[in-house]
Amino acid sequence: MNEQAAGPTCRWPGGAGDQSGFPDPEQDLAPEAGVESAEMVVAGGCFWCVDAVFRRVVGVLASECGYCGGSAATANYMRVCGGDTGHAEAVRLRYDPQQISFGALLKIFFSVAHDPTQRDRQGHDVGPQYRSAVFYADEAQRAVAAAYIDQLDAAGIFPAPIATTLEPLEAFHPAEPEHQAYAERHPDAGYIRIVAQPKLEKLGKAFATQLRG
């Protein structure tokens with residue numbers, strides 16, 4: 001991670017911290033009766049920062065950093081940092097669909113967790129390992145994510161087209177223990193203060209009623 005990485009740049013008509021102009025998804029997954037756990041895998045630059053955002057959201061039962069898109073043989077931090085493994089730094093969320101929907105999590109992902117208009121980078125973190133992606137588990141997840149991207153682009157929410165890729169979830173490889181809950185364990189680290197903290201402040205303003213106390 002580059003400690004000079006820029007903070008999130010996504011914005012919407014209401015301005016920073018105001019979610020009034022950022023739309024809810026027009027399509028979403030309906031919760032199935034009795035189902036209390038579902039999974040979602042996304043990538044949006046440094047997995048420390050994406051993980052930090054979602055750990056605070058009510059309905060998210062667990063958040064885990066890992067690697068998606070490449071082989072098991074190259075699913076380690078040093079190899080992935082080389083940018084030639086096909087992997088993205090990703091976060092696997094386990095959530096309660098009775099408390100929060102797939103679409104609601106997508107809204108946080110696109111509005112707060114990262115800048116989805118940057119292709120193969122987030123700020124000064126450059127390379128395909130930092131790409132914006134939704135790794136869909138099935139056609140229903142793919143369809144909701146695709147529809148939301150089209151909806152946001154059509155509404156002109158961002159100053160540039162969304163670059164997020166939709167990729168089938170073939171495997172999720174958990175990252176090394178030192179990368180799990182990194183922001184929580186190292187709140188004073190330079191990278192966390194520069195990159196993650198502004199996202200958390202934005203989250204607190206835009207989604208205050210959906211966060212743990």
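The values are calculated or read from the model by the stated rules, or taken from the named source; none is laboratory data. Just so it is clear, the model here is predicted, and its values are computed rather than measured. With ideal geometry, Cβ positions are generated from the backbone for all residues, glycine too; neighbour counts draw on all protein chains shown.
For the range 99-125, what are the residues that are modelled with pLDDT under 95 and either in a strand (DSSP E or B) or surrounded by fewer than 19 Cβ atoms within 10 Å (Cβ to Cβ) (or both)? Spell out how you get there, then give the answer.
Residues of the range 99-125 modelled with pLDDT under 95: 123-124.
Passing the criteria: only HIS124.
Kindly provide the set of residues from the range 37-63 that are outside any helix (DSSP H, G or I) and either closer than 17 Å to SER132 by Cα or modelled with pLDDT under 95 (or both), ordered by number. Break it down stepwise before answering.
Step one: of the range 37-63, the residues outside any helix (DSSP H, G or I) are 37-46, 55-63.
Scanning the range 37-63 gives MET40, VAL41, VAL42, ALA43, GLY44, GLY45, CYS46.
Residue-by-condition table, conditions (1) surrounded by 15 or more Cβ atoms within 10 Å (Cβ to Cβ); (2) in a strand (DSSP E or B):
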| residue | (1), (2) |
| --- | --- |
| PHE135 | yes, yes |
| ARG142 | yes, no |
| LEU152 | yes, no |
| ILE157 | yes, no |
| ILE162 | yes, no |
| LEU166 | no, yes |
Report task. Output yes when any residue across the range 171-182 is surrounded by 15 or more Cβ atoms within 10 Å (Cβ to Cβ), modelled with pLDDT of 95 or more and in a helix (DSSP H, G or I), and no when none is. Result -> yes
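Can you go through LEU203, LEU211, LEU166 and tell me which one is more than 19 Å from ALA43 (Cβ to Cβ), of a type outside the set (Phe, Trp, Tyr) and in contact with a Lys or Arg (Cβ under 7 Å, 6 or more places away or on another chain)? Spell out the reasoning first.
Working: LEU203 fails: more than 19 Å from ALA43 (Cβ to Cβ); LEU166 fails: more than 19 Å from ALA43 (Cβ to Cβ).
Result: LEU211 is the single residue among LEU203, LEU211, LEU166 that is more than 19 Å from ALA43 (Cβ to Cβ), of a type outside the set (Phe, Trp, Tyr) and in contact with a Lys or Arg (Cβ under 7 Å, 6 or more places away or on another chain).
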Query raised in the report: Is it true that some residue in the range 66-78 is of a type outside the set (A, V, I, L, M), modelled with pLDDT of 95 or more, closer than 22 Å to GLU178 by Cβ and touching a helix residue (DSSP H, G or I) at 6+ places or on another chain (Cβ under 6 Å)?
Result: yes
Query raised in the report: Are any residues in the range 64-80 closer than 15 Å to CYS46 by Cα, in a helix (DSSP H, G or I) and touching a residue at least 12 places away in the same chain (Cβ under 8 Å), and if so, which ones?
Result: TYR77, VAL80
**Report entry** Residues satisfying the stated conditions in the range 150-199, i.e. small (Gly, Ala, Ser) and in contact (Cβ under 8 Å) with a residue 60 or more places away in the chain
**Finding:** ALA155, ALA171, ALA175, ALA181, ALA183, GLY190, ALA196
Query raised in the report: Which residue pairs have Cβ atoms closer than 6 Å, lie 6 or more positions apart in sequence or on different chains, and pair a first residue in the range 126-145 that is farther than 13 Å from LEU105 by Cβ and modelled with pLDDT of 95 or more with a second residue that is among the polar types (S, T, N, Q) and outside any helix (DSSP H, G or I)?
Result: TYR130/GLN122; SER132/THR164; ALA133/THR165
Report task. Among the residues of the range 49-76, write down those that are exposed (fewer than 15 other Cβ atoms within 10 Å of the Cβ) and either on the phi > 0 side of the Ramachandran plot or of a type in the set (Ser, Thr, Tyr) (or both). Result -> SER71
Report summary line: Picked from the range 81-98 (must be out of contact with any Asp or Glu (no Cβ under 9 Å at 6 or more places or on another chain) and over 16 Å from GLY44 (Cα atoms)), the residue surrounded by the most Cβ atoms within 10 Å (Cβ to Cβ) is THR85
